Structures are given as structure tokens and as C-alpha cells.
Amino acid sequence: ERLVGASADREDQAVEAALRPKDLGEFIGQEKVREQLDLVLRAARARGATADHVLLSGAPGLGKTTLSMIIAAEMGAPIRITSGPAIQHAGDLAAILSSLQEGEVLFLDEIHRMSRPAEEMLYMAMEDFRVDVIVGKGPGATAIPLELPPFTLVGATTRAGLLPPPLRDRFGFTAHMEFYEPAELERVVHRSAHLLDVEIDTDGAAEIAGRSRGTPRIANRLLRRVRDYAQVKADGIVTRDIASAALAVYEVDARGLDRLDRAVLQALLKLFGGGPVGLSTLAVAVGEERETVEEVAEPFLVREGLLARTPRGRVATPAAWAHLGLTPPRSASA
Ligand code: ADP
């Protein structure tokens, strides 16, 4: 696992529960989403109704699970958490749906990875609070309709565009979660430091925030590594110097690039003059698989405006040269 990876590792899972904001007021950033969700939930509460189904789209680690728990808390409802890959058969979904309590929130992570039959069952459940349970096999099979109590489905996906339109259309409210601004991540770091009993100053928090790739999960993870360093090598207080020294040990640079990211950029700049160079050639040059370069390193480099994918191959931007402190050759500086 990479220190700057966005999916939750074991340690994240163990500590995240303690760091999760418990209500909308505590949830940092995502102003629009919070404002809209607040209205949706208040209105449902005022009507004494179950909240509309909510679709949350956005990259891993941006707070989708947290928001689903907040929705349940704000509605005073219990929550059940599962994921698309865990539901391979329609029967798995029927079992979950039929055991929900009235008003319960069902959080379905990676909803785009559900099996097709389960997905079709979900359409009817979302719309009519009803499922058809198939009993028996072959020509003798019969569909037994089963009434469900009204519930709120909170679906999460990395990209809403991955969902089939009939599923997407059944959500009353869709929220797109953006990467966080550095100032927002700074608040996340301060908040988490407080909960973890770590003393940190403003510059220390800013330093961690700047390396966190717009992602609260990564900010929390870097904070824990920096805390360890501060305890072992200093007096436990996290300052800018301590944060940069700690993250230098873990090879996470000032912009949040790790060793792999920098190796890709370095090869692109030093060996290929900034490109264009084909993905396979670039991958061989850094000694990695094509897929690793394309799926692990490049998305963030592209997002940061350091690398561009063009029809002729990978190209470094002027910002890439600047970031690695190198001077572009004349022809590439345009
Ligand atoms: P996702 O489900 O999108 O992968 P999570 O909801 O599990 O992300 O969030 C990952 C971690 O980041 C959690 O521990 C949570 O505490 C923290 N986090 C996410 N969003 C926020 C936020 N807006 N404010 C404070 N902490 C957040």
C-alpha cells in the first residue's frame, strides 16, 4: 500500500471510526453538497418521511462513507453498510433489503460493481419498496412479491457516469464530491490532531495538507506518520520542519508526489526530453508495469497538471520541469 494511496488500508479502517465527523456541521468543506443535503434531510424530517435516495459520487477517501453515516444520524435512523462487490446474487440483496427497518439507511459502496440481477432488483426496491423473490428453478419458478419498509439508499461510486441511467435516475438527489482545497484539508488535519491528542501548529498542519492530494483520508494518514516522527525524533509537537522532515523519510514531496510519481516524471523529463513518449516505453524506463504507470501514477500527475496524455504519447508540462527543478530544452519549452 502506498502512503499516498486513497483507498483505506487496515490501519485507516481501525482509526477512521474515531475521526469521522458525526453531523453535517462537523463535516468540513463540500459546501454545496452540505447545503443541499441539509435541505433534503430537513424537508424529509419536517414531513416525517424517509429521506430520498442519495447518490454520492467522488474519488475514494473524500468522505462518502462518512456522509452516509451523517445522513443516518441526522435522520435518527440506523445504518447498514455494504458494497456492490459483496452483492453478487440478487438473493444477497433480497436478504439485506428484507431485513431493513423502516427509515433505515442502506449504504451501498461501489454501487457500480453490483451484479446485473441485483441491480435490477434494486430498481424496483428503490421505486416501489418491493422486491420479487424468485422461489424454485426452471419452469416451475415463481416470483413472490415482498413488501419492504421505506428506506433510504445511499449509493457511492467513483463516477456517476459509470452507472446505468435507469439506476442513476432513481436517486432523488445526486451529490458530486470534489477534491478538497488545501485550507479545508488544513482544518481536517487540525481536527484530527485534536482528536488524536497531537499538538500541531498552523504551519505543521499546512505542510501536511499540502501533501495530501486533496483527500482527507490521506491527510489523516500522513498526520499519523508525522506524529510518530515527532514523538521519536522531537518533542512530539508537529511543526512545519517536523512535518517536512517526516514526510521526506516517507518520500512524499511538497506536492504529495511519492517515489513512483517522481520516477515517472523524472524518466519523462530526463530520458525523453519531456516527451511525447509512449506509455509502454515510459513504463519500461521506470521498471514498472504499464498498468501501474497508467492507473497508479498518472491520474494524479494529470490532475496536478504535471503530465498530459496526448495522442502522440505522454508529455510533460512546464510545471513538471519546474517541480523537479530542471530546465526544459529550448524546443520543449513552448
Ligand atoms: P470514502 O467513503 O469516500 O472513501 P470516508 O468517508 O471513509 O471516505 O472518509 C475517509 C476519512 O476521511 C474518514 O476517516 C473521515 O474522518 C475523513 N473525512 C472525510 N471527509 C471529511 C470531512 N469533510 N471532514 C473531516 N473528515 C473527513
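Here, each number is a calculation from the coordinates, and none is a lab measurement. Source: prediction; values computed, not measured. Glycine gets a Cβ as well: all are built from the backbone with ideal geometry, and neighbour counts include every protein chain shown.
What is the ratio of the Cα radius of gyration of segment 59-195 to 2.2 N^0.38 Å, where N is its residue count, to two decimals?
Cα-based Rg divided by the globular estimate yields 1.21.
Projecting each Cα onto the charge dipole of segment 121-187 (Lys/Arg +1, Asp/Glu -1 at the beta carbon, about the Cα centre), which of 126, 139, 171 comes out farthest on the positive side?
Towards the positive end, the residue furthest out is 139.
Using DSSP to define loop residues, name the trypsin sites (Lys or Arg not before Pro) in segment 234-334 whose beta-carbon has at most 14 other beta-carbon atoms within 10 Å.
312
Quick one: the Cα spread of segment 99-149 along its three principal axes, in angstroms, biggest first?
Principal-axis extents of segment 99-149 (Cα, largest first): 35, 26, 17 Å.
In deg cm²/dmol and to the nearest 500, what is the mean residue ellipticity at 222 nm of the chain if only DSSP H runs of at least 4 residues count, each as -39500 (n - 2.57), divided by the residue total?
Taking each H run of at least 4 residues, the total per residue is -13000 deg cm²/dmol.
Under a crude label model (7 Å from the Cα following the beta-carbon direction), how far is residue 181 from residue 23 in nanometres?
Distance between the two pseudo-spin positions: 2.5 nm.
Return, ordered by residue number, the residues of segment 142-160 whose backbone nitrogen is under 15 Å from a label point located 7 Å along Cα→Cβ of residue 47.
Once the point is set 7 Å along Cα→Cβ of residue 47, 150-153 turn out to lie under 15 Å by backbone N, inside segment 142-160.
Can you find, among 85, 287, 112, the residue sitting farthest towards the positive end of the charge dipole of the chain, where Lys and Arg contribute +1 and Asp and Glu -1 at Cβ?
Going by the Cα projections, it comes out as 287.
Kindly express, to the nearest 10 degrees and within the range 0 to 90, the angle between helix 10-19's C-alpha long axis and the longest C-alpha principal axis of the chain.
The answer is roughly 70 degrees.
Treating the angle as unsigned and between 0 and 90°, give the value, to the nearest 10°, between the Cα long axis of helix 64-75 and the longest Cα principal axis of the chain.
40 degrees
Residue 146 versus residue 158, label points 7 Å from Cα toward the beta carbon: distance in nm?
3.2 nm
Considering only DSSP states other than H, G, I, E and B, which GluC sites (Glu not before Pro) in segment 1-92 qualify as loop sites with at most 12 other Cβ atoms within 10 Å?
Here the sparse-neighbourhood loop sites are 1, 26.
Once phi is turned into θ = phi - 60°, what whole-Hz ³J(HN,Hα) does the Karplus curve with 6.51, -1.76 and 1.60 give for every residue of segment 268-279, x standing for Gly and Pro?
4, 7, 7, 8, 10, x, x, x, x, 9, x, 4
Counting other beta carbons within 10 Å of each Cβ, put 96, 144 in order, fewest first.
Sorted ascending by nearby Cβ count, the order is 144, 96.
For the chain, what is the charge dipole size about the Cα centre, in debye to the nearest 20, if Lys and Arg each add +1 at the Cβ and Asp and Glu each add -1 at the Cβ?
In debye, rounded to 20, the chain gives about 780.
Starting from the alpha-carbon convex hull of segment 17-116, give the projected area averaged over all orientations, in nm².
6.8 nm²
Divide, for the chain, the radius of gyration over alpha carbons by 2.2 N^0.38 Å, where N is the residue count.
1.16
Compute the separation of the alpha-carbon centres of segment 277-334 and segment 14-88 and state it in Å as a whole number.
Rounded to whole Å, the Cα centres lie 37 Å apart.
Counting only Cα atoms, I'd like the Rg/Rh figure for segment 145-231, Kirkwood definition for Rh.
1.20
Between 0 and 90 degrees, rounded to the nearest ten: what's the tilt of helix 31-47 against the longest Cα principal axis of the chain?
The answer is roughly 10 degrees.
If each residue of separation counts as 0.36 nm, what is the full-extension length gain between residue 281 and residue 95 once their alpha-carbon separation is subtracted?
Once the chain is fully extended between residue 281 and residue 95, it gains 62.0 nm.
Quick one: 126, 177, fewest Cβ neighbours within 10 Å first, how do they rank?
177, 126
When only DSSP loop residues count, what trypsin sites (Lys or Arg not before Pro) in segment 8-106 have their Cβ near at most 12 other Cβ atoms within 10 Å?
22
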